[in-house]
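Worksheet: one structure, shown below.
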Amino acid sequence: QVKLVESGGGLVQAGGSLRLSCAASGITFYNNVAGWYRQDPGKQRELVAVISRSDLSNYGDSVKGRFTIFRDNERNTVYLEMNSLKPEDTAVYFCNLKTYWNDYWGQGTQVTVSS
């Protein structure tokens, strides 16, 4: 059974940092596309960051220069390093893994940035 478990969310002041982790079981991040998305109540889920099979990363415009996505294949974990956090970064953050055939999601972790 495939499972993605996010952790690392919490409450932080504006300007602070958090590191989110997404650990996979039943599947590996290696040779698959991994990403982080976020969703605020009443809004659509939006792309935060994605890392390709060849480890090329891409970011949403609102987080470029502040967030970094990276993977650790030995730990089978993908991370999202978030710096210079802003109140508008407040959302539930979801981990995503895409294979050639399927799309998997974690349960989400709440990030709240206070002003």
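Output the residues belonging to segment 1-59 that are closer than 17 Å to residue 88 by Cα and aromatic (Phe, Trp, Tyr).
Selection gives 36, 37, 59.
Inspect all residues belonging to segment 98-112 and state whether any of them is under 15 Å from residue 9 (Cα atoms), touching a strand residue (DSSP E or B) at 6+ places or on another chain (Cβ under 7 Å), part of a strand (DSSP E or B) and open to solvent by 80 Å² or more (accessible area, probe 1.4 Å).
Yes: segment 98-112 contains one or more residues that are under 15 Å from residue 9 (Cα atoms), touching a strand residue (DSSP E or B) at 6+ places or on another chain (Cβ under 7 Å), part of a strand (DSSP E or B) and open to solvent by 80 Å² or more (accessible area, probe 1.4 Å).
If we scan segment 9-17, do we find a residue that is under 21 Å from residue 115 (Cβ atoms), among the small types (Gly, Ala, Ser), in contact with a helix residue (DSSP H, G or I) (Cβ under 8 Å, 6 or more places away or on another chain) and surrounded by fewer than 15 Cβ atoms within 10 Å (Cβ to Cβ)?
From segment 9-17, those under 21 Å from residue 115 (Cβ atoms) are 9-17; that's our starting set.
Keeping just the survivors that are among the small types (Gly, Ala, Ser) gives 9-10, 14-17.
Cutting the leftovers down to in contact with a helix residue (DSSP H, G or I) (Cβ under 8 Å, 6 or more places away or on another chain) gives us 14.
The next check asks that each one be surrounded by fewer than 15 Cβ atoms within 10 Å (Cβ to Cβ); those that pass are 14.
Scanning segment 9-17 turns up at least one residue that is under 21 Å from residue 115 (Cβ atoms), among the small types (Gly, Ala, Ser), in contact with a helix residue (DSSP H, G or I) (Cβ under 8 Å, 6 or more places away or on another chain) and surrounded by fewer than 15 Cβ atoms within 10 Å (Cβ to Cβ).
When segment 72-97 is examined, which residues are found to be part of a strand (DSSP E or B) and open to solvent by less than 20 Å² (accessible area, probe 1.4 Å)?
77, 78, 80, 82, 91, 93, 95, 96, 97, listed by residue number.
The values are calculated or read from the model by the stated rules, or taken from the named source; none is laboratory data. Note that the structure is a prediction, hence the values are computed from the model and not measured. Note: ideal-geometry Cβ built from the backbone for every residue, glycine included; neighbour counts use all protein chains shown. Note: accessible area is taken over every heavy atom of the protein model, side chains too, but ligands, DNA and RNA are not part of it. Shrake-Rupley method; radii C 1.70, N 1.55, O 1.52, S 1.80 Å.
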